């Protein structure tokens, strides 16, 4: 199995536990998403365990690229992320397992056993969030919109009060490109101002309150 996590200590701890507690477990470890993608294009694995909080690539983008390379890949997401938009994206990609890092490693072991047996495994917290995603809300149309990694970064930066020029500089885009993204984001959220956007983004789980 291939495991990717940009925290070396977490990565080694997970790998050590799995080797000690799963029969014949072989682990191949990666700390960088782009290196991981280059490697797996040449060598597929029986199972992929992915963290979403990577430094060099957005975790959902990594998942999307892995699915494009191997559409039937068995994937377990092992993450701290539980925002509604993250859960929605994972459900859209039909990942085989989701385990929050707040759970003990024996839960991850159980997920691996079930996924390798051809079944899905979502930890209890994710089952609750999955049900929350399906509940009708005033802004339920948002869950049918597609938001890419750049959309979400722009929303986060706007919530911090960044101007289009500042966002363009930080993300390496032209100002006009950011303005185009903003216009499309406003359309998706059905808002006319940054203040309205941030309010709806928080209410619908796209932003944590402290963002």
Selected residue [in a loop (DSSP other than H, G, I, E, B) and surrounded by fewer than 21 Cβ atoms within 10 Å (Cβ to Cβ)] from 106, 94: 94
Exclusive hit being under 19 Å from the mean Cα position of the chain (by Cα) and free of Cβ contacts under 8 Å to residues at least 24 places away in the same chain, set 19, 34: 34
Pairs where the first residue, in the stretch 117-136, is closer than 21 Å to residue 104 by Cα and the second is at pLDDT 90 or above and part of a helix (DSSP H, G or I), C-beta under 8 Å, 6+ apart: 120/114; 121/110; 121/111; 121/114; 121/115; 123/107; 123/111
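Could you tell me whether residue 89 is at pLDDT below 95, more than 25 Å from residue 13 (Cβ to Cβ) and within 16 Å of the chain's Cα centre (by Cα)?
Yes, satisfied.
Can you give me the number of residues within the stretch 71-83 that are touching a residue at least 40 places away in the same chain (Cβ under 8 Å) and surrounded by 18 or more Cβ atoms within 10 Å (Cβ to Cβ)? Even if it seems obvious, please write down each step before you answer.
Looking only at the stretch 71-83, we keep the residues that are touching a residue at least 40 places away in the same chain (Cβ under 8 Å), and these are 74, 76, 78, 82-83.
This time we only want the ones that are surrounded by 18 or more Cβ atoms within 10 Å (Cβ to Cβ), so: 74, 76, 78.
Residues that pass the stated criteria total 3.
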Candidates 107, 99 - the one that is under 14 Å from the mean Cα position of the chain (by Cα) and on the phi < 0 side of the Ramachandran plot: 99
Selection within the stretch 100-117 - more than 16 Å from residue 13 (Cα to Cα) and touching a strand residue (DSSP E or B) at 6+ places or on another chain (Cβ under 6 Å): 111, 114, 115
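The values are calculated or read from the model by the stated rules, or taken from the named source; none is laboratory data. As the structure is a prediction and not an experimental result, all values here were calculated from the model. Here Cβ is always computed from backbone atoms with ideal geometry, including for glycine, and neighbour counts include all displayed protein chains.
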